[in-house]
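Worksheet: the structure to be examined is printed underneath.
Any read-out appearing in this document is the output of simple, stated calculations on the displayed coordinates, not a laboratory observation. Quick caveat: nothing in here was measured; it's all calculated off a predicted structure. Cβ atoms come from the backbone with ideal geometry, glycine included; neighbour counts cover every protein chain shown.
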Amino acid sequence: MPQPLSAAPYDALLLLSFGGPEGPDDVVPFLENVTRGRGIPRERLREVGQHYFLFGGVSPINEHNRALLDALRKDFADHGLDLPVYWGNRNWAPYLTDALRDLARAGHRRVLTLATSAYASYSGCRQYRENLAESLAALDAEGLALPRVDKLRHYFNHPGFVGPMADGVVEALAELPEDVREGAHIAFTTHSIPTAAADTSGPEGGHGDGGAYVAQHLDVAGTIAGAVRERTGADHPWRLVYQSRSGAPHIPWLEPDICDHLEELHAAGAPAVVMAPIGFVSDHMEVMYDLDTEAAAKAAALGLPVRRSATVGADPRFAAAVRELVVERAAAESGRPVERCALGALGPSHDVCPAGCCPARTPKPAAAGADSPYA
């Protein structure tokens, strides 16, 4: 039998996610959590929440996280990795502070965190680290012995994340009518963010316009496009596009929007499109509404055949990737030899976010980094 894997010095894994409502009565309170401090009236939040009400007030993200928890626990058990897995959200139950309190009371002292965001950005990394610091500060005020909390590296280019997405694109292409399949374009989609936030994403310097956020997405998109070409024999044109913009209209955000891109492709004579949401780990509301509802309606109005490829979700290969990332980080912390897996041109991401990485307009303490107050 293979030797059990070691996670030492870590004694727990925390799945950290955004959270989402699980019924109509949850929608406005959930949005209040998301927008806390911005002074947005409840009436406006109810308008924003219409996307959720279309689906019974339920975001699929929590159910996807439950499935991922099951997949992680099964994979860890099957491979002899003795590491309990906890779950906490930023904006809805189970809340992050409660999960960390449970971890502390159970006596855990070294905790690794898996965020359900694969790329570098303020909202996808630094903000989660700020939430960790806020929760640890709250537990410190309660007099609890605090665990040290670290964060797994960005996994955007890990084979266990890229592979399922490449398979999803191939499968989506196969679902298109045969007469438009070979000439189909691929629209790789991710969440739009302000250009100022994109330009400062990742460690300072070295990525140019769009920072690490755009560079990492372009690297993944190119890697997937290459895998699709090898699998299908067709060289499908592709572009990185954006969705789910919010905020003041005068602030520049990353473009083009997916719906604008569909119009441009139709005008240029593209026969069909596969929308590949590479910026999202699972099918949450911004995939279900912005792509499956809004973008699909735009394509139908244009008469443009379109399919949407699957997200990674709880794919066993992703669960295996998380296990590999845990063992990799544990080995690095203990000085043991370690192999760091990555596809594409950028190589493995850093283990520890350097000071000032993905800065916010208003600096706040952030855990799990070189500038952490809880190292």
Could you give the C-alpha radius of gyration of the chain expressed as a fraction of 2.2 N^0.38 Å, taking N as the number of residues it contains? 0.99
Using a Cα-Cα cut-off of under 18 Å, which aspartates and glutamates could be cross-linked to LYS364, ignoring same-chain neighbours fewer than 8 residues away? GLU130, GLU134, ASP140, ASP150, GLU204
Along the positive direction of the dipole of region 287-359 (beta-carbon charges: Lys, Arg +1; Asp, Glu -1; about the Cα centre), which of GLY344, THR293, PRO305 reaches farthest? PRO305
Virtual spin-label span in nm between ALA248 and ALA137, 7 Å along Cα→Cβ: 2.5
What number, rounded to the nearest 500 deg cm²/dmol, is the helix-based mean residue ellipticity at 222 nm of the chain, given -39500 (n - 2.57) per DSSP H run of at least four residues and division by all its residues? -12000 deg cm²/dmol
Could you work out the pair-distance distribution P(r) of region 5-130 from its alpha-carbon pairs, with 10 angstrom bin width and percents rounded to whole numbers? 12, 36, 34, 14, 4, 0
Residue-wise, which Karplus ³J(HN,Hα) couplings in Hz belong to region 195-201, taking 6.51 cos²θ - 1.76 cosθ + 1.60, θ = phi - 60°, and x for glycine or proline? 4, 5, 5, 5, 5, 9, 6
Give a quick list of trypsin sites (Lys or Arg not before Pro) in region 301-375 that DSSP marks as loop, anything other than H, G, I, E or B, with at most 15 other Cβ atoms within 10 Å. ARG361
Under a Cβ-only charge scheme (Lys and Arg +1, Asp and Glu -1), can you give me the dipole magnitude of the chain about the Cα centre, in debye to the nearest 20? 920
Amide H neighbours of THR189 under 5 Å, counting only residues 5+ apart in sequence or on other chains, H built in-plane at 1.01 Å? VAL241, ALA276, ILE278, GLY279
In region 25-104, what trypsin sites (Lys or Arg not before Pro) fall in a loop by DSSP, with at most 14 other Cβ atoms inside 10 Å? ARG36, ARG38
Can you list residues from other chains, or at least 5 along the same chain, whose modelled amide H is less than 5 Å from the amide H of ASN89? SER17, TYR95, LEU96
Expressed as an acute angle from 0 to 90° and rounded to the nearest 10, what is the orientation of the C-alpha long axis of helix 96-105 relative to the principal long axis of the chain? 30
Please work out the C-alpha center-to-center distance from region 18-86 to region 239-283 and express it in whole Å. 24
Could you list the residues of region 16-44 with an amide nitrogen less than 14 Å from a label point located 7 Å from the Cα of ASP292 in the Cα-to-C-beta direction? none
Where GluC sites (Glu not before Pro) fall in DSSP loop in region 303-375, at most 16 other Cβ within 10 Å: GLU339
How many nm is it between the label spots at PHE53 and ALA355, if each spot is 7 Å from the Cα in line with the beta carbon? 4.9
Cα-only Debye scattering, region 159-308: base-10 log of I(q)/I(0) at q = 0.20 Å⁻¹: -1.30
Length added when fully stretched, ASP209-VAL170, from 0.36 nm per residue minus Cα-Cα: 11.0 nm
Residues whose placed amide H lies under 5 Å from that of LYS151, excluding near-sequence neighbours: THR113
Straight-line reach from LYS298: which lysines have Cα under 20 Å away, leaving out those fewer than 8 places along the same chain? none
